[in-house]
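First comes the structure, then the notes that go with it.
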Amino acid sequence: MNWKTFLALLGRDAHVARRNFIPLLLQTFLQPMMFVFIFGRVMVSSGYMPAAYKSLLLPGIMAISMVFTGVWAVAMPLIAEFQFTREIEDRLLAPIEISWLAIEKVIFGTLQALVAGLAVIPMAWLLLRPVEFNLHSPLSFAFVTLLVALFSSCGGLALGCSVDQAHIGLMFSMVLTPMIFFGCTYYPWSALAHFPILQKIVLVNPLVYASEGLRGTLVPQFPHLSLLAVLVALTLFDVALLGVGLRQFHSKAVS
């Protein structure tokens, strides 16, 4: 491990992010703001949703924001660097092991996902107030948030090293969209009790644990999965996706 090179790579990515600050800001926050405003303000103010739905919705919007940001921040640059710009060849010349190049991408994506997720809270407070938070255990909230951010960036690494440039649209329509709608983002997992088979099937979706974990730490007054089950599941998904991503990254880098 060459820490000087690793930090230089992180600094370079941070510099690129600063230069593209406005597009990055719009890409990160525009969609969550629309979700929060339409579902939390318009639907509630119109009487189609109860006022309590604002608090129920918030953790799901936070999970969506983190997943989209982390996946996009890692997957899209990797797809471009491997298949279009070939910029990855310059990175491979750096005096550092190949795996650490991928880990640097994961860490930078995790940081972006954390910023995107945490920014949803003040955004929701401004647009939805009054909205109820019951943050009884800040440490549990911080741990769940970190695991969700890692899941998004590790998933971005796995997808970015596995999806061809021509199939980017398919990745969003066949992977991310079903993940969101069946990820308990707009409703708690217990709401699927009337669909017992579907309720069990969706447990293979990591976004379920992200949404339920944030719901259990931010608004525990609503039904949610056991926090222990959430922590175990997110840890397993993080390790599995990181392993797949590192293997795929190494395979493409040496080919």
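Summary of values
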{"read-out": "Kirkwood-based Rg to Rh ratio, the chain, C-alpha trace", "value": "0.99"}
{"read-out": "Within-13-Å neighbourhood charge of Ala158 [Cβ basis; K, R +1; D, E -1]", "value": "+2"}
{"read-out": "In nm, spacing of pseudo-spin labels at Arg129 and Ala14 (7 Å Cα→C-beta vector)", "value": "3.2"}
{"read-out": "About the Cα centre, charge dipole magnitude for region 2-154 (Lys/Arg +1, Asp/Glu -1 at Cβ), debye", "value": "400"}
{"read-out": "Euclidean distance between Cα centres, region 197-236 to region 33-52, Å", "value": "23"}
{"read-out": "Positive-end extreme of charge dipole, region 3-254 - chosen from Thr28, Gly40, Met66 (charges on Cβ)", "value": "Gly40"}
{"read-out": "Cα centre as origin, Lys/Arg/Asp/Glu Cβ charges: region 20-101 dipole, Debye", "value": "540"}
{"read-out": "Within region 166-255, trypsin sites (Lys or Arg not before Pro) in DSSP loop having at most 13 other beta-carbon neighbours inside 10 Å", "value": "none"}
{"read-out": "Cβ-placed point charges (K, R +1; D, E -1), dipole of the chain about Cα centre in debye, nearest 20", "value": "340"}
{"read-out": "Sparse-neighbour loop sites [chymotrypsin sites (Phe, Trp or Tyr not before Pro); region 5-58; at most 12 other C-beta within 10 Å; DSSP]", "value": "Tyr48"}
{"read-out": "Alpha-carbon centroid distance for the pair region 1-24 / region 101-135, whole angstrom", "value": "20"}
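FYI, it's all coordinate maths here, none of it is from the lab. Note that this is a predicted model, so its numbers are computed, not measured. Glycine also receives a Cβ, built like all others from the backbone with ideal geometry; neighbour counts cover every protein chain displayed.
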